[in-house]
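Read the structure below first, then the notes.
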Amino acid sequence: MTLRLYNTLTRQVEPFVPLVAGRVTLYTCGPTVYNYAHIGNFRTFLFEDLLRRWLEASGYDVFHVMNLTDVDDKTIKGAAEAGQPLRLYVQRYIDAFHEDRRYLRIRDASVYPRATDYIPAMIALVERLLDKGVAYRGEDGSVYFAIARFPDYGRLSQLDRRELRAGASERVSTDEYAKEDVRDFALWKAARPEDEAVGAAWDAPFGRGRPGWHLECSAMALELIRARWGVEVLDIHAGGVDLIFPHHEDEIAQSCAYTGQELFARYWVHGEFLNIRGEKMSKRFGNITTARDLREDGVDAGAIRLLMCQVHYRQRLDLTDEALASAREGSRRLGEFQNRMLASRAETESPAFAEAAARLELELAEALDDDLNAPRGVAALFAFASAGNAALDQGLRPGPRAVAAWERAEGVLGVTSAVEVLTVGPAVEFGGQDQAELTDTPPNGSEVAARAWAVRWAVRRKDAKAARDFAEADRIRARLKEAGWEVRDGRDGSMEVRRL
Ligand SMILES: [Zn+2]
């Protein structure tokens with residue numbers, strides 16, 4: 001079995017063959033750090049994470065580069081509005097991006113280059129393109145790439161010249177008349193006073209200025225893969241479909257004109273959009289569309305990953321309340337099964353578990369090798385959990401093989417929720433001391449406050465039981481249930497409070 005991927009460059013699903021056997025260079029366009037990343041950006045990053053994990057699970061040594069765009073129009077505008085230097089302004093969004101991605105269990109890239117740390121590489125690239133005559137200095141002092149001098153332009157996006165011209169002319173603003181052709185794009189933008197004000201301008205032989213967004217990716221990718229493995233062609237370049245044109249088309253033009261290679265990346269892999277649907281969801285996500293809002297709502301990352309995995313990366317995904325609720329439920333079921341399986345693992349494997357493990361390994365590999373068919377991958381995981389639960393019901397026990405197969409599959413998909421149980425020990429008794437106001441419904445907005453609310457009611461219930469006020473105890477249990485919490489009594493007088 002080998003991995004097959006849909007290559008946007010050829011519009012075909014092709015067997016994946018890296019440049020050098022056993023190792024893969026993977027470049028994924030990272031966030032522009034002027035704000036918190038939208039959940040739609042994270043759909044792209046999650047599909048790239050799945051690709052990365054499956055390449056590694058398949059035995060490849062992966063060198064994964066994800067850039068951070070810390071200089072562009074949006075970051076400069078944001079820094080100016082905040083009255084801060086660019087480097088300082090973007091830092092909080094870089095930190096937030098890493099927090100969000102760790103929450104979503106996105107594996108660390110090998111390197112996260114910041115554009116402003118690679119200005120010399122960008123300058124060198126522009127100089128070479130000027131020397132080769134495929135770039136020119138415009139009347140406005142900016143340097144442009146001459147598309148007419150790169151015959152392969154348009155190969156990735158497969159747009160014809162007419163479409164390219166129409167697409168480009170929509171973006172024409174008066175200052176772009178400095179270009180020879182409206183389709184030409186800026187490699188280097190002449191410094192403006194607003195760039196200087198936030199420290200976003202650098203000296204270069206062809207004039208003081210700053211890099212264009214497309215240039216950043218080409219320069220960093222080439223510099224890093226050359227340093228790592230001495231190569232000038234990426235194995236896989238990934239991103240969202242919205243980046244195909246013009247971003248990736250322009251990356252190819254600059255990079256290939258610079259290296260003289262036929263390809264910049266052997267495989268171009270693009271993920272589809274995420275839509276937010278439904279009135280309730282739109283209301284909820286009207287202003288909050290970031291991963292951190294889901295985290296603050298107490299959504300386990302396993303549920304979000306499951307939601308994303310249930311739709312193939314090349315299909316549009318609708319994020320709705322219903323879809324999220326059902327993903328949370330499914331992910332929690334997997335978490336419960338995982339707890340149950342790990343608690344009953346034995347040295348010797350029962351045949352039922354050995355068979356289920358073999359099936360899971362086979363089905364997972366077939367699914368993911370088939371252009372990352374994650375929906376089939378998660379179906380195999382659920383089938384294993386279902387067979388495992390049935391076997392556990394019969395008193396059969398899993399051994400090392402079943403646990404390893406589960407860990408490998410879950411290690412690639414990462415869709416299982418940590419099933420958390422809040423335990424109130426037998427000695428906890430607030431009694432008369434807990435007189436603070438306790439509302440009938442849980443507080444909004446903070447997961448920690450919601451947990452504290454549930455635990456305090458659970459303690460009051462315990463007190464009511466101790467006072468033999470069973471009606472009150474039942475009333476509290478019902479109230480907790482309505483708010484999504486279940487309370488269970490332990491034999492030793494402890495209580496477990498868990499999310500339903
Ligand atoms: Zn890029």
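How about region 202-211: which of its residues are surrounded by fewer than 23 Cβ atoms within 10 Å (Cβ to Cβ) and on the phi < 0 side of the Ramachandran plot? Hits for region 202-211 are TRP202, ASP203, ALA204, PRO205, PHE206, ARG208. Which one is most open to solvent (accessible area, probe 1.4 Å) among residues in region 96-145 that are among the charged types (D, E, K, R) and assigned to a loop (DSSP other than H, G, I, E, B)? Selected residue: GLU139. For GLN91, the stated conditions hold: it is open to solvent by 20 Å² or more (accessible area, probe 1.4 Å) and assigned to a helix (DSSP H, G or I). In region 1-20, the residues that are over 16 Å from TYR60 (Cβ atoms) and of a type outside the set (A, V, I, L, M, F, W, C) form Cβ pairs under 7 Å with partners that are part of a loop (DSSP other than H, G, I, E, B) and open to solvent by 20 Å² or more (accessible area, probe 1.4 Å), at six or more places apart or across chains, as follows: TYR6/ARG314. Hey, does region 433-443 have a residue that's at pLDDT below 80, part of a helix (DSSP H, G or I) and out of contact with any strand residue (DSSP E or B) (no Cβ under 6 Å at 6 or more places or on another chain)? Checked against the condition, which is being at pLDDT below 80, part of a helix (DSSP H, G or I) and out of contact with any strand residue (DSSP E or B) (no Cβ under 6 Å at 6 or more places or on another chain), region 433-443 yields at least one hit. Give me the pairs, please: first residue somewhere in region 465-491 and more than 23 Å from PRO443 (Cβ to Cβ), second residue anywhere and surrounded by 16 or more Cβ atoms within 10 Å (Cβ to Cβ), beta-carbon distance under 6 Å, and either six or more positions apart or on two chains. Pairs found: LYS465/ALA473; ASP489/MET495. Answer yes or no as to whether VAL13 is closer than 30 Å to GLN158 by Cβ, part of a strand (DSSP E or B) and within 16 Å of the ligand (Cβ to nearest atom). In short, no. Considering only residues in region 69-88 that are under 24 Å from the mean Cα position of the chain (by Cα), crowded, with 23+ Cβ neighbours inside 10 Å and of a type outside the set (S, T, N, Q), the one that is nearest to TRP202 (Cα to Cα) turns out to be VAL71.
For region 19-42, the candidate set comprises residues that are in a helix (DSSP H, G or I) and open to solvent by 10 Å² or more (accessible area, probe 1.4 Å); within that set, the residue that is farthest from the ligand (Cβ to nearest atom) is GLY40. LEU50: closer than 27 Å to ASP318 by Cα, of a type in the set (A, V, I, L, M) and open to solvent by less than 60 Å² (accessible area, probe 1.4 Å), yes or no? Criteria met by LEU50. Only one of the listed residues (ALA186, ALA257, ALA204) is over 24 Å from the mean Cα position of the chain (by Cα) and assigned to a helix (DSSP H, G or I). That residue is ALA257. Could you please let me know if VAL65 is within 16 Å of the ligand (Cβ to nearest atom), within 21 Å of THR116 (Cβ to Cβ) and either touching a Ser or Thr at 6+ places or on another chain (Cβ under 8 Å) or polar (S, T, N, Q) (or both)? Yes: the conditions hold for VAL65. Contact annotation: residue pairs with Cβ atoms under 7 Å, 6 or more positions apart or on different chains, pairing a residue in region 202-218 that is of a type in the set (D, E, K, R) and at pLDDT 95 or above with a partner that is within 16 Å of the ligand (Cβ to nearest atom) and not in a strand (DSSP E or B), are ARG210/VAL71; GLU216/ASN67; GLU216/ALA115; GLU216/MET122.
For region 222-254, the set of residues classified as in a loop (DSSP other than H, G, I, E, B) and either in contact (Cβ under 8 Å) with a residue 12 or more places away in the chain or within 11 Å of the ligand (Cβ to nearest atom) (or both) consists of VAL231, GLU232, VAL233, listed by residue number.
With respect to the conditions (1) of a type outside the set (D, E, K, R); (2) in a helix (DSSP H, G or I); (3) farther than 26 Å from SER58 by Cβ; (4) open to solvent by less than 70 Å² (accessible area, probe 1.4 Å), ALA409 lacks only one, and its number is (3).
Of all residues in region 230-264, those being in contact with a strand residue (DSSP E or B) (Cβ under 8 Å, 6 or more places away or on another chain) and either of a type in the set (Ser, Thr, Tyr) or open to solvent by less than 10 Å² (accessible area, probe 1.4 Å) (or both) number 14.
The values are calculated or read from the model by the stated rules, or taken from the named source; none is laboratory data. As the structure is a prediction and not an experimental result, all values here were calculated from the model. We place every Cβ from the backbone using ideal geometry, glycine too, and count neighbours over all the protein chains shown. Accessible surface is based on the protein model in full, side chains and every heavy atom, while ligands, DNA and RNA are left aside. Shrake-Rupley method; radii C 1.70, N 1.55, O 1.52, S 1.80 Å.
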